[in-house]
Structure formats: structure tokens, C-alpha cells
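Enquirer: Quick one: the structure is below, and I'll ask about it shortly.
The values are calculated or read from the model by the stated rules, or taken from the named source; none is laboratory data. Predicted model only: the values in this text are computed from it and were never measured. Backbone-built Cβ (ideal geometry, glycine too); neighbour counts: all protein chains shown. Accessible surface is based on the protein model in full, side chains and every heavy atom, while ligands, DNA and RNA are left aside. Shrake-Rupley method; radii C 1.70, N 1.55, O 1.52, S 1.80 Å.
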Amino acid sequence: QVQLVESGGGLVQAGGSLRLSCAASGSIFSINAMGWYRQAPGEQRELVARDISGGMKNYAGSVKGRFTISRDNAKNTVYLQMNSLKPEDTAVYYCKAEGTYRSGTSNYAFGSWGQGTQVTVSS
């Protein structure tokens with residue numbers, strides 16, 4: 001019922017920047033939070049940044065001061081601006097949206113993931 005499409009990954013040298021985008025579509029009634037997670041080979045998926053409706057933002061300690069999450073609520077889109085990238089930032093980055101969707105006359109909770117976008121930082 002809710003689909004997420006990510007874009008913006010790629011290959012960049014250490015110290016460079018990338019901007020990821022994630023657009024949610026479908027029978028969305030409301031979005032409570034949108035965030036970015038990443039998973040490196042052989043590692044567990046981890047939170048990178050999360051934007052909660054109402055203004056609260058959470059960041060992993062390893063990206064604070066370098067990454068910025070932002071949302072365009074009118075477009076149901078979340079962005080991740082990544083600056084001063086390091087080789088250890090290399091991973092597949094996944095977008096996640098949480099909220100409620102409309103089906104008939106009822107609303108249901110959802111937690112949807114995007115397909116992932118590869119970010120590779122060379123040293």
C-alpha cells in the first residue's frame with residue numbers, strides 16, 4: 001500500500017558529498033517518521049538518521065555533524081545530505097517510512113522499506 005523509491009547513491013571519494021532522496025507513494029494517510037538506515041557487508045542494518053513528525057531528529061553518533069536529514073512533507077519525501085564522507089560510510093542505504101495508510105474506511109499502520117541504494121566511498 002505504501003511504496004518507497006530511493007535515489008542518489010553512487011561512488012564518491014573520501015571527503016566528498018552525496019544527497020540521497022526517498023519518495024513515498026500510495027494510499028498514505030499520515031507519516032509519523034521517515035529515516036535512513038544502512039547495512040555494510042557482514043554487518044547488521046543500523047540507524048543513520050531519523051526524522052519524527054513534530055521536529056525531532058535522531059542521528060547515529062558516527063554521522064553527527066556530517067549528515068543532515070530533512071523532509072518535504074508536501075511531497076512525502078525525505079533527504080539525507082551526506083558531507084565529509086569516509087570509507088566506513090560505504091554501505092547500502094535504506095529508507096524507511098512509518099505511519100498509517102487508508103484502505104476503504106479504515107486506517108492501518110505501516111512500516112515500509114525502500115529497495116536500497118549503494119553508497120561507496122573510496123579512500
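Enquirer: Going by accessible area, probe 1.4 Å, with all protein chains left in place, what is the ranking of MET34, MET56, largest first?
Expert: MET56, MET34
Enquirer: Follow-up. Counting only protein heavy atoms and a 1.4 Å probe, tell me what percentage of the chain's accessible area is made up of carbon and sulfur.
Expert: Looking at the chain in its full context, I get 46 percent from C and S.
Enquirer: With label points built 7 Å along Cα→Cβ from the Cα atoms of THR68 and GLN13, find their separation and express it in nm.
Expert: Result: 2.4 nm between the two label points.
Enquirer: Can you list the residues of the stretch 1-35 with backbone N under 20 Å from a point 7 Å past the Cα of TRP113, pointing along Cα to Cβ?
Expert: Only 1-10, 20-26, 32-35 fall inside the zone, counting backbone N under 20 Å.
Enquirer: With θ set to phi - 60° and the Karplus curve 6.51 cos²θ - 1.76 cosθ + 1.60, what are the ³J(HN,Hα) couplings of the stretch 82-95 in order, to the nearest whole Hz, using x for Gly and Pro?
Expert: 10, 10, 6, 5, 10, x, 6, 7, 4, 4, 8, 9, 10, 9
Enquirer: Charges on Cβ only, +1 for Lys and Arg, -1 for Asp and Glu, centred on the Cα centroid of the chain; of VAL92, ALA33, GLY9, which one is farthest towards the dipole's positive end?
Expert: ALA33
Enquirer: Note down the net charge around GLY111, summing +1 for each Lys or Arg and -1 for each Asp or Glu among other residues with Cβ under 10 Å from its Cβ.
Expert: Charge balance in the 10 Å sphere: 0.
Enquirer: Between beta-carbons, use under 15 Å as the cut-off and find the net charge around ALA60, counting Lys and Arg +1, Asp and Glu -1.
Expert: Summing Lys and Arg as +1 and Asp and Glu as -1 gives +3.
Enquirer: So for the stretch 34-114, taking the charge dipole from beta-carbon charges (+1 Lys/Arg, -1 Asp/Glu), which of ALA49, ASN107, ALA60 sits furthest toward the positive end?
Expert: Final value for the positive-end residue is ASN107.
Enquirer: Per residue, what accessible area does the chain have, given a 1.4 Å probe and all protein chains present, in Å²?
Expert: 51
Enquirer: For ASN58 and VAL5, compute 0.36 nm times the residue count separating them, minus their Cα-Cα distance, and round to one decimal in nm.
Expert: Stretched fully, the ASN58-VAL5 segment lengthens by 16.9 nm.
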